[in-house]
Amino acid sequence: MGLQKSHSFKPKAQPLSKPEHDVMVTDDQRPLGTPDPIADQPILSDAGYASWMVEHPSALDSFDQMMKAAKGKKIVVFLDYDGTLSPIVNDPDRAFMSDEMRAAVREVAKNFWTAIVSGRSLDKVKEFVKLSNVYYAGSHGMDIMSPVSPRKQCNGKYQNIANVENKGNDVLFQPAKKFLPAIQEILSKLEEETGKIQGALVEDNRFCISVHYRQVQEKDYGMLEEKVKSVLQKYPDFCLSEGKMVLEIRPSIEWNKGHALEYLLETFGFRNSRDVLPLYIGDDRTDEDAFKVIQSRGQGFPIIVSSIPKETKASYSLQDPSEVLTFLLHLASWKKSSYSNRSSSQFWGIGN
Ligand SMILES: O=P(O)(O)OC[C@H]1O[C@H](O[C@H]2O[C@H](CO)[C@@H](O)[C@H](O)[C@H]2O)[C@H](O)[C@@H](O)[C@@H]1O
């Protein structure tokens, strides 16, 4: 499926600086403003794409094989939002999810533990997704809402009471709470500093901040980056990273989408379970942290959404949100059919 489509390798948008080399580099090697293999830019030729697809086969083509491996195990579903459940659009406030996608996620969540893990603020991602049967982790995992109490940990790892709060029936886990005043300060400085750059947009993601340059003229990219860096100079406890045409500012704490995945697995009661298969679908650099966790667990399905080759820890790929939709529909109906097979085999006395 993925291999049969033709690919033009045209960049969807200009990166902060133009690529100089047609090579893959890792995140760790890449300073800000140099070619970005995780952002939306092409890095390899058609032949390179074909070999990348061998390494990261289509999750649609591999579906049967994946479900075979999942037999007798519990799949837990983690979904990124932008670029995964909704297409990338110019205006971040209009990155809506289709009703079809919402229905598919709802169906999946009826059958599997399901969490949405996003760089957006918790409130914003909830507003977009509008589902009550899923868990949410906003601010790249730094703002987690669970409708039930997190499980008690003997080692107290996630039970730092300062970070856990009850809000009605929901439990919030917010490991970066102490940074909120500084984040508000940085936010207003960034708005002030970048206000005159046409197209620049500062987005308040509660525990992190996004400075968008998708609609900034290329000649102004450098200036924008300088301004952001100069604001951050006064805040050594914060770091800067790059996503899809966006600069992201967040507290330098050891907490990312990978930690959020582990936290949620624990909340669901699966911390060290060998029977659980986390399935994570995401398209951006911050999703790589979750892919790494799945790789290190040695079990699960890390799936990258990309129509171009990228350096990634994912094992499978889907080209775009429309393929994500198809995959989720397959997953929901696979579960239903496995239920009905089980109940009919139980009825006929041939199952276990
Ligand atoms: O973790 P995610 O849910 O994928 O969030 C990552 C960032 O997504 C959003 O920005 C991206 O999508 C926008 C809408 O399509 C697009 O305009 C922008 O260029 C992309 O970078 C969101 O606005 C950011 O705050 C998130 O950090």
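Every number here is computed from the coordinates shown, using simple stated rules; none is lab data. From a predicted model like this one, the values you see are computed outputs, not experimental measurements. Cβ atoms come from the backbone with ideal geometry, glycine included; neighbour counts cover every protein chain shown.
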### Task
Taking a cut-off of 17 Å between Cα atoms, list the aspartates and glutamates near residue 196, but don't count ones fewer than 8 places away on the same chain.
218, 220, 225, 226
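What order, most packed first, do the peptides 297-307, 233-243 have when packing is the mean number of other Cβ atoms within 10 Å of each residue? Write down the numbers at each step before the final one.
Details: 297-307: 21.4, 233-243: 14.9.
Most protected by this proxy first, the peptides run 297-307, 233-243.
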#### Entry: Approximate spin-label separation residue 237-residue 102, in nm, with each point projected 7 Å along Cα-to-Cβ
3.8 nm
### Query
Among 73/177; 126/177; 73/292, which pairs are too far apart, with a Cα-Cα distance over 30 Å?
73/177
### Task
For region 69-138, report the convex hull volume of the alpha-carbon atoms normalised per residue, in Å³, without decimals.
91 Å³
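Go through 63-70, 184-191 and give me the packing order, highest mean Cβ count within 10 Å leading. Spell out each step's value before the answer.
Working: 63-70: 14.8, 184-191: 16.5.
In decreasing order of mean packing, 63-70, 184-191 become 184-191, 63-70.
With only alpha-carbon atoms in the gyration tensor, what are the semi-axes of the equivalent ellipsoid for region 236-322, in Å, largest first? Intermediate results must be reported in sequence, preceding the final value.
Values: eigenvalues 101, 77, 18 Å².
Each semi-axis is √(5λ); the values are 23, 20, 9 Å.
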